[in-house]
Structure formats: C-alpha cells, structure tokens
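> Shown below is the structure under consideration.
Each reported figure results from applying straightforward, stated rules to the coordinates on display, with no laboratory input. Since we're looking at a predicted model, the values are computed, not measured. Heads up, the Cβs are rebuilt from the backbone with ideal geometry, glycines too, and the neighbour counts pull from every protein chain shown.
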Amino acid sequence: MAGTSVRGAEPPLVLRPFQSEDEAGVVAVLEDTFHSTWAPQLRPEALERHAREGRALAYVRERGPEFLLACDGQAILGMVHWEGDFIQALHVTGTAQRRGVGRALLAHAETQIAKAGLPAVRLETDTFNIRARAFYAALGYHEVDTYPDEEWDSGLTTLLLEKTLG
C-alpha cells in the first residue's frame, strides 16, 4: 500500500504504512496523546516511569512497521496499530482531532480485520476517557467487560469494547 487518499477528511489525508523515517513523528503523536489524555489521570510515579522508560520510542521501534499512518503532506496526524481482531493503538494529535482522522484510521483497520474473515473488532479505553468512549459508541462499539488498568498502576479502570463486523 503506497498511500490512499481519504475523501471528506479535513485536512486532506493520505493513509500509508509506517516508514523508518517516520519514527520521530510517530513518537510525537504518541507523546501528544499521552500528555493530553493520560498524564492528567496518572499518579506521579507512573509519570516518572513513563519518562524514564521511553515507552513511546520503544513501542515505535518494536512495532512501527505494523502501523498505518494518517498524513497531511509530511505531517503525521495519527496512527493505528492492530493485531488480529484487536486494535492495539489509535492515536490522533490534538490539533487533528474531530476532523475525521481517527475515523478514517479506524475504518481502514476494521476493513482489513473484516477482510481477514474475523467477525468482530475489539479495543480498549479507560472509563475516564469520555471523549474516546463517545467516539467509539458513535461508531457502533459497545462495552463487553471492565477490569483494572494495571499498565499504569494509577487506580484506573479499563473498558473492553467490541463491534460486530459485516
């Protein structure tokens, strides 16, 4: 897939696979969403651990070739990463939210998951993330389970969401 233009998105988008030179741009997207969404919810120890461990860079270096990016020219506006029927990550910069970027990335992932013959798509968000919950609900996702968010050790609760495909 060289790049697919997305109609109706604002700004104009091209969806394309990750390339090694995208590393810094994708890390910037992940850090933007971390600081705007997660950081205000986390205990100081979790914030210190995040900074110390360089989680975003490690994730991009390990899994980057599996990412699909949404770009406006050279600017990376968002990314999606899925494995099987599970969306591992969907991140859109704050400046590109509410412009169709997340919707385009998620729709592409859902299409690929359906083409793989899987009947549903699953993903997680946390209970505090009201905006993400509303976004996913509007796209047909429903809650199927809740459990403690152990990744951040900050007393958060994770929601497992699912959408039947086809």
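> Pop a pseudo-label 7 angstrom from the Cα along the beta-carbon direction at both residue 153 and residue 36 and give the gap in nm to one decimal.
In this crude spin-label approximation the distance works out to 2.9 nm.
> Something else about it: Residue 4 versus residue 146, label points 7 Å from Cα toward the beta carbon: distance in nm?
Taking the simple label geometry, residue 4 and residue 146 are separated by 3.5 nm.
> Can I ask one more? Can you tell me, using C-alpha contacts under 8 Å and at least 6 residues apart, the relative contact order of the range 1-121 as a whole percent?
Relative contact order, the range 1-121: 28 percent.
> Another question, if that's okay. Taking 30 Å as R0, compute the FRET efficiency from the Cβ-Cβ separation of residue 23 and residue 134 and round it to 0.05. Walk me through the numbers before you get to the answer.
On the way: r = 31 Å, r/R0 = 1.05.
Efficiency for this residue pair is about 0.45.
> By how many nm would the segment from residue 75 to residue 95 lengthen if fully extended, with 0.36 nm per residue of separation less the alpha-carbon distance?
Separation in residues times 0.36 nm, less the Cα-Cα distance, equals 6.1 nm.
> Shifting gears a bit: Quick check on the range 2-87: what are the equivalent-ellipsoid semi-axes from the Cα gyration tensor, as sqrt(5λ), descending, whole Å?
Semi-axes (√(5λ), whole Å): 25, 15, 12.
> Residue farthest toward the positive end of the dipole of the range 1-119, with Cβ of Lys/Arg at +1 and Asp/Glu at -1: which of 119, 81, 3?
Toward the positive end, the furthest listed residue is 119.
> So what's the net charge close to residue 142: Lys and Arg +1, Asp and Glu -1, counting the other residues with Cβ under 13 Å from its Cβ?
Result for the local shell: 0.
> Using the Cα centre as the reference, give the magnitude of the dipole from point charges on the C-beta atoms of the chain (Lys, Arg: +1; Asp, Glu: -1; all else neutral), rounded to the nearest 20 debye. Walk me through the intermediate numbers first.
Numbers: 16 positive and 24 negative charges, 129 e Å.
My answer is approximately 620 debye.
> Quick one: net charge of residue 58's neighbours, Cβ under 13 Å, K/R +1, D/E -1?
Working: positive: 49, 52, 55, 61, 63; negative: 23, 31, 53, 62.
My count for the surroundings of residue 58 gives +1.
> Nearest 5 is fine: what % of DSSP beta bridges in the chain come out antiparallel, could you say?
Taking every DSSP beta bridge with both residues in the chain, the antiparallel ones total about 95 percent.
> Looking at the chain, identify the longest residue range that excludes and avoids all GluC sites (Glu not before Pro) in DSSP loops having at most 14 other Cβ atoms within 10 Å.
That gives 1-149 as the longest site-free run.
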